[in-house]
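Working notes, beginning with the structure itself.
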Amino acid sequence: MLHHFPTRFDLIKAAVPYLNHKRLEMFATRGEEVNRDAEYTRVGEGIDVYWAQLQTPVLVVFHELLVAARTDRRLEKVLLPELEEFNTRFYKA
């Protein structure tokens, strides 16, 4: 894939919005499956849905990028708008 991008960072920069979109898509799809009738069941199922998401390759890669962004300011600048979009869309639901 690197031959399509001038640098490795350009590849990562292009991948971040894609990963965020997939992450939002997964949470929306699985979130609809959570039972909304019983409070206790909803919380338990919500935790199960979140745990399952954490096991997917998309979330593993996204979290690795978050860890790397702690010491890479360029990467942090790429990730922050995506994190804000996720928070706005996910917590709005």
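The values are calculated or read from the model by the stated rules, or taken from the named source; none is laboratory data. Note that the structure is a prediction, hence the values are computed from the model and not measured. Here the Cβ positions follow ideal geometry from the backbone for every residue, glycine too, while neighbour counts run over all protein chains shown.
Remarks
- Helices (runs of 4 or more DSSP H) within the chain that include 2 or more residues among the β-branched types (V, I, T) and at pLDDT below 90: 39-54
- Segment 60-93 - residue that is surrounded by 12 or more Cβ atoms within 10 Å (Cβ to Cβ) and of a type in the set (D, E) and, of those, farthest from T7 (Cα to Cα): E85
- Among the residues making up segment 51-84, those that are β-branched (V, I, T), closer than 18 Å to R8 by Cα and touching a residue at least 24 places away in the same chain (Cβ under 8 Å) are V61, V78.
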